[in-house]
Amino acid sequence: MGKRELEESIISLKGIGDKTGKLFNKVGVYTCDDLIHYFPRGYDKFDAPVRACDLKPNIVMSSRLTIIGSITKRRVRNLSITAFEAADETGRVKIVFFNAPYLASSLKAGTTYIFRGMVRKKGNFFSMDHPKMYKEEEYAPLVGKLQPRYPLTKGLSNNTVKKAVEKAFINIGSMEEFVPSDILDRLSLVGYLDAIRGIHFPSGDGSLEDSRRRLAYNEFLLFVLRLRFLKQNSDEVSNTSKMIEVAQTQRLMEQLPYELTKAQKRAWNDILSDLSGPYVMNRLIQGDVGSGKTILAFLALLTTAGNGYQGAMMAPTEVLAAQHYETFNALIKKYNIKNFNVALLTGSLPAGAKREVQRRISDGEVNCIIGTNVLIQDKVQYKNLALVVTDEQHRFGVRQRGALSGKGLNTHVLAMSATPIPRTLAIILYGDLHISIVDEKPFGRLPVKNCVVGPSYRETAYKFIGEQVSKGHQVYVICPMIEQGELDGVENVTDYSEMLRSTLPPSVRISVLHGKMKPEKKDEIMESFGRGEIDVLVSTTVIEVGINVPNATVMMVENAERFGLSQLHQLRGRVGRGADQSYCIFINSSDDEDAAKRLDIMNRSNDGFVIAEEDLKQRGPGDLFGVRQSGEMNFKVGDIYHDSDLVKESAMDADRILSSDPDLSLPQHAVLKEVLNTKSANFVDFTTL
């Protein structure tokens, strides 16, 4: 398959018509090239069935069992429960299905299936909740193989995607390499085509890791090269909007009920030095959750307004933008700050209101604008934009920062991130920014109390959650997956919320939040939780970057072993924001000793930077087998923690390539230049760089 064949529409593949093609379009697959770069989200590994007596708790296993006795059906509130026993000559297993009443009429005693699912132990008996059932002839071909599991949309099955990818590979003859051969040899990286094929259909764990490392290197090299080119164009831009410290900022710091920490003062001095210096500011404030970055942004924007300019602050979600808007206005009112006029601009504003805000921005009536990526749209024209602040920096990237800063003339950029990336990596990944680290917590915050426990602790945890709710507090429960069956053996928000409703008192208000919801629905739920109208929020990691809810005192994370430590720390940062003692409960569903040691770090430290360094040292296999880190640099395959060696190698390789060929004009770099200039280059989402 040459370049022309790769660019052909997905419907050019045999068996894919217009209807199926539209389903592929929904997940961003339009061409054959898109398809072969539509990587699995995880894999199923099918082992040979074991006897009932050889089952082990908290592991996904398979067993050949015969249904015995009667099949019972019952309802607990809105939850339909179908249950029966299955056995072999060595023991019995209780099988339970939720919201699958149709099974009762299709299953018969005496029928043998291979049941595959997460094994639980209740007393002296084993059980499986919602296992998959296979006939012997269906299961046998799967044994010993890794089966890809793809991200799906309604109507598009995993089998359809798998078959389409198989058909695409039949036509592939070769693919052009863009990484120089000496680099491939030095790092022992497999060929590009082999890596693409291996990520879809690995022959084993080794094959998968080889493929994943090659594709991860691709992402990092392209990322660093793009960053180097951007840096070349932005280094040492003259500061045409020089500012001086204004009396209002000094007066505000004197009036605050707390003193800025030493780390905050250092960062503030860095910001002032940049704003008044000879060159435009490009600075990252990297601070742990709750370290006080928002007040620094407020001071910087207040300084900008005091010098007669406009400033803008871009947040990743409408809920967070609205919260910043409310926080800023509360500070303005409380401390009687004059001539600091703040406006909120988000996509959900009614058209008329949006036009009015845009008019006030272009006329200069407001000098601080807070919003989402709507701020970079063509319709938004600023009068004299001089400072851009991006909150949760890793959610945007250099291209969106550049788009917003381009709204003004030589605009200062202040980026903020709570993602605790070790400094060695931050220098590479945020290579276009100077870095200030805020590594102290404000005085008076109670440290979160942590515990790492096994699944047997759940009943105690539910009782504790009920007690906290009865005291008027709120709770987060995090599950990795959205619906049952997306990844066997992993708790999911859909079933989990129903189970909690049947376990906790009826008075407890429970709601669900996940990434597949429409943005306006997610915002509605988060706002409701922020107002205290929801007691327990069962969510995926979509709340990793969320609003400030000081009343939330409990964070419970299911299947904690499937998350990276830094992401667990981000999740933990959702609690401990008020005056009350907060708690974080990590449920470790694995019997793996390494997982237990890794999670114990969460018990011992609340310091995000310490945890990030430990994450580098102790990260296990690539997380294609687990839960993807959300939002970190938008890499499809690469993991900046697990693959830190490749990040560093790619940075050195990029510098070597550019030192000998600054504009990639040599013949040996022609393909690399073409890939780098391709808008979506398939390896990393450059639209957010």
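The values are calculated or read from the model by the stated rules, or taken from the named source; none is laboratory data. In this text, all values refer to a predicted model and were calculated from it rather than measured experimentally. Cβ coordinates were reconstructed from backbone atoms using ideal geometry, including for glycine residues, and neighbour counts include every protein chain displayed. We work out accessible area using only protein heavy atoms, side chains counted, and drop any ligands, DNA or RNA first. Shrake-Rupley method; radii C 1.70, N 1.55, O 1.52, S 1.80 Å.
Sequence-ordered 3J(HN,Hα) estimates for segment 18-30 from the Karplus curve with 6.51, -1.76 and 1.60 and θ = phi - 60° stand at 4, 5, 5, x, 5, 5, 5, 4, 4, 9, x, 9, 10 Hz, glycine and proline given as x. Give me the lysines in straight-line cross-link reach of Lys673: C-alpha distance below 26 Å, same-chain residues under 8 apart excluded. Those lysines meeting the cut-off are Lys3, Lys231, Lys636, Lys648.
A 1.4 Å probe run over segment 229-290, with the rest of the protein chains in place, finds 52 Å² accessible per residue. Computed from Cα positions, the angle between helix 493-503 and the longest principal axis of the chain comes to roughly 70 degrees. Averaged over residues, the count of other Cβ atoms within 10 Å places the peptides 641-654, 95-108, 371-384 in the sequence 641-654, 371-384, 95-108, highest first. Against the chain, whose longest principal axis comes from its Cα atoms, helix 593-604 is set at around 40 degrees.
Computed from backbone phi with θ = phi - 60° and the Karplus coefficients 6.51, -1.76 and 1.60, the 3J(HN,Hα) list for segment 295-307 is 5, 5, 4, 4, 4, 5, 5, 5, 4, 4, 5, x, 8 Hz; x is used for glycine and proline. Taking amide H atoms as placed 1.01 Å from N in the peptide plane, the amide H of Val190 lies under 5 Å from those of Arg214, each 5 or more residues away in sequence or on another chain. Dividing the mean sequence gap of close Cα pairs (under 8 Å, 6+ apart) by how many residues the chain holds gives a relative contact order of 13 percent. Computed from backbone phi, the HN-Hα couplings of segment 70-80 come to 8, 9, 9, 10, 8, 10, 10, 6, 8, 9, 8 Hz, rounded to whole numbers (Karplus: 6.51 cos²θ - 1.76 cosθ + 1.60, θ = phi - 60°; Gly and Pro given as x). Each helix, a run of at least 4 DSSP H residues, gives -39500 (n - 2.57); summed and divided by the residues of the chain, these come to -11500 deg cm²/dmol at 222 nm. With the charge dipole of segment 518-617 set up from +1 on Lys and Arg Cβ and -1 on Asp and Glu Cβ about the Cα centre, the Cα lying farthest toward the positive end among the listed residues Pro519, Ser566, Ala595 is that of Pro519.
Net charge of the neighbourhood of Cys584, taken over other residues with C-beta under 11 Å away and scored Lys/Arg +1, Asp/Glu -1, is +3. Solvent-accessible area per residue in segment 10-167 equals 51 Å², computed with a 1.4 angstrom probe and all protein chains kept.
For the chain, the longest principal axis of the Cα atoms and the long axis of helix 262-276 meet at an angle of about 50 degrees. For segment 299-360, the share of accessible area belonging to carbon and sulfur comes to 50 percent (1.4 Å probe, ligands and nucleic acids excluded). The orientation-averaged projected area of the convex hull spanned by the Cα atoms of segment 112-158 comes to 5.1 nm². For segment 56-130, the extents of the C-alpha atoms along the principal axes are 32, 26, 19 Å, listed from largest to smallest. Here the dipole of the chain is about 1980 debye; that uses its Cα centre as origin and unit charges on the Cβ of Lys and Arg (positive) and Asp and Glu (negative). At a temperature of 20 °C and a viscosity of 1.002 mPa s, determine how fast segment 291-356 diffuses translationally according to Stokes-Einstein, using the Kirkwood radius over alpha-carbon pairs as Rh; express D in µm²/s, rounded to the nearest whole number. Result for D is 166 µm²/s. Remark: relative contact order (segment 186-270) = 19 percent; criterion is Cα-Cα distance under 8 angstrom and separation of 6 or more residues. With Rg and Dmax of the Cα atoms in Å in mind, check (i) 26.9, 84; (ii) 39.9, 125; (iii) 35.5, 144 and report the label derived from this structure. Identified label for the calculated read-out: (i).
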